[in-house]
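The values are calculated or read from the model by the stated rules, or taken from the named source; none is laboratory data. The model shown is predicted, which means the values in this text are computed figures rather than measured ones. Using ideal geometry, Cβ is built from the backbone for each residue, glycine included, and neighbour counts are taken over all protein chains shown. Surface areas here come from the heavy atoms of the whole protein model, side chains and all, with no ligands, DNA or RNA. Shrake-Rupley method; radii C 1.70, N 1.55, O 1.52, S 1.80 Å.
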Amino acid sequence: MVETDKMTENDWVVLELSSFQLHTMRKSPEIAVITNISPNHLDMHKDYQEYIDAKKNIMLYQSIADTLIVNADNAVTDEIGKEAKGAVKYFSRRHKADIYLDGDVIKCDGEGILNINDIKIPGMHNVENYMAAIGAVRELVPNDVIVSIAKTFGGVEHRIELVRTLDGVKYYNSSIDSSPNRTINTLRVFPNKVIMIAGGKDKGIPYDEVGPAIAEHVKTLILIGATSDKIAEALEKTGKASEVKQIRAKTYEEAVSTARAESKSGDVVLLSPASTSFDMFKNFEERGHLFKDLVNRL
């Protein structure tokens with residue numbers, strides 16, 4: 001990693017910026033990427049529109065010489081693309097666009113760049129992430145480098161991170177899943193029903209959509225933290241709550257030991273809170289580190 005005081009004018013910097021950082025930004029980067037937008041951080045923003053407006057700052061101050069990469073499959077980002085001053089590159093895995101999925105191949109401007117079976121990290125949301133990244137670095141990075149990274153990059157800590165396999169059970173840490181939408185995407189990665197630990201601090205956003213995802217992808221739900229009731233209510237609204245075993249835990253030690261007791265060889269135990277960590281932790285990293293420590297001590 002290049003230290004900021006050692007950067008030169010020839011270096012490229014890639015930053016992931018939250019809505020809090022973008023909210024007061026009055027300068028946009030030469031290449032901006034918006035992967036998708038859905039309700040989030042409504043405990044901090046006055047409403048969903050303010051959250052969207054904060055996200056838009058990443059492209060609002062671009063010039064005609066700059067480039068915006070947006071998701072054509074997300075209604076909000078698709079509309080934002082129409083407001084761009086510079087070039088816009090749309091990516092889509094549902095229909096033909098500047099960057100799109102043709103069978104198993106990601107194409108950019110009609111050229112095949114990457115077979116999605118070469119992507120090491122799981123999930124269609126990561127296919128979309130690669131589409132966005134390809135659009136951003138199209139003029140900067142050779143295709144063979146993109147393929148090499150896809151084959152070897154194992155993911156980032158706290159994002160569907162495999163902690164260990166014990167007695168045939170795989171334990172995954174996805175503490176970054178601080179909203180229902182993130183948990184929905186994570187659950188879609190796994191082909192079989194999982195044992196999931198969920199719950200944390202409420203962000204003021206609806207939980208209804210996570211209910212059907214839990215009903216479809218979870219066999220045992222271990223709830224902990226302030227949003228336990230909201231998640232349970234979302235599941236109850238599906239009419240399929242009886243098909244998911246629900247257990248309440250008071251501590252993470254209890255949650256992890258319960259998950260082990262409920263699991264058998266071939267199962268997946270997943271930490272995907274669908275909530276922030278601030279009811280019990282300083283941040284999601286601290287939550288993830290505790291989960292990993294407890295799993296490694298089993």
- [ ] State which stretch of the chain is the longest one without any exposed GluC sites (Glu not before Pro), exposure meaning a DSSP loop state and at most 14 other Cβ atoms within 10 Å.
- [x] 158-298
Open item on the list: Once R0 is set to 35 Å, what does the formula 1/(1 + (r/R0)^6) return for the Cβ-Cβ distance between Val145 and Arg297, expressed as a FRET efficiency to the nearest 0.05?
Closed with: 0.35
Task: For Leu60, net neighbour charge (Lys/Arg +1, Asp/Glu -1) across residues whose Cβ lies under 12 Å away - done: +2
Task: Computed [θ] at 222 nm, deg cm²/dmol, the chain (DSSP H ≥ 4; -39,500 (n - 2.57); rounded to nearest 500) - done: -9500 deg cm²/dmol
Open item on the list: Let me check the size of the stretch 209-298 from its C-alpha atoms; what are the radius of gyration and Dmax in Å?
Closed with: 13.1, 37
Open item on the list: So if each residue of separation counts as 0.36 nm, and I subtract the Cα-Cα distance between Asn283 and Ser18, what length gain in nm does that give?
Closed with: 94.0 nm
Open item on the list: Normalised radius of gyration for the stretch 109-256, please: alpha carbon Rg relative to 2.2 N^0.38 Å, two decimal places.
Closed with: 1.21
- [ ] With r as the distance between the Cβ atoms of Glu79 and Glu262 and R0 = 51 Å, compute the FRET efficiency 1/(1 + (r/R0)^6) and round to 0.05.
- [x] 0.70
- [ ] Pull up all non-local amide H partners of Arg248: gap of 5 or more, or a different chain, and H-to-H distance under 5 Å with H placed in the peptide plane.
- [x] Leu223
Open item on the list: Could you give me D for the chain, from Stokes-Einstein at 25 °C and 0.890 mPa s, where the hydrodynamic radius is the Kirkwood radius over C-alpha pairs? Units µm² s⁻¹, please.
Closed with: 119
Open item on the list: What percentages make up the Cα-Cα pair-distance distribution of the stretch 14-95 when the bins are 5 Å wide from 0?
Closed with: 3, 16, 27, 25, 19, 7, 2, 0
Open item on the list: Multiplying the sequence separation of Arg26 and Asp53 by 0.36 nm and subtracting their Cα-Cα distance, what value in nm do you get?
Closed with: 8.5 nm
Task: Area projected by the alpha carbon convex hull of the stretch 89-184, averaged over all directions, nm² - done: 7.3
TODO: Return the whole-Å distance between the Cα centroid of the stretch 90-106 and the Cα centroid of the stretch 164-231.
DONE: 29
TODO: Return a whole-number percent for the relative contact order of the chain, with Cα pairs under 8 Å and 6 or more residues apart as the contact set.
DONE: 15
- [ ] Could you size up the charge dipole of the chain around its Cα centre, putting +1 on the beta carbon of Lys and Arg and -1 on that of Asp and Glu, and report it in debye to the nearest 20?
- [x] 700
Task: With DNA, RNA and ligands ignored, accessible area of Asp43 (1.4 Å probe; Å², nearest 10) - done: 60
Task: Neighbourhood charge, 15 Å Cβ-Cβ cut-off, centred on Ala241 and excluding it, Lys, Arg +1 and Asp, Glu -1 - done: +1
Open item on the list: For Cα pairs less than 8 Å apart in space and 6+ apart in sequence, what is the mean separation divided by the residue count of the stretch 13-122, i.e. the relative contact order in percent?
Closed with: 19
- [ ] Over the stretch 58-192, calculate the relative contact order: mean separation of alpha carbon pairs under 8 Å at least 6 apart, over the residue count, as a percent.
- [x] 15
Task: Charge context of Arg138, other residues only, Cβ under 13 angstrom, K/R +1, D/E -1 - done: -2
Task: Among beta bridges that DSSP assigns inside the stretch 1-145, antiparallel share in %, nearest 5 - done: 40
Task: Contour minus Cα-Cα distance for Phe153 and Ser63 (0.36 nm per residue) - done: 29.1 nm
Open item on the list: Here is the link list: Lys55/Lys96; Lys250/Lys292; Lys219/Lys282; Lys55/Lys230; Lys193/Lys292; Lys201/Lys250. Which ones come out longer than 23 Å on Cα distance?
Closed with: Lys55/Lys96; Lys219/Lys282; Lys55/Lys230
Open item on the list: When the expected Rg is taken as 2.2 N^0.38 Å, what fraction or multiple of it is the alpha-carbon Rg of the stretch 144-213?
Closed with: 1.32
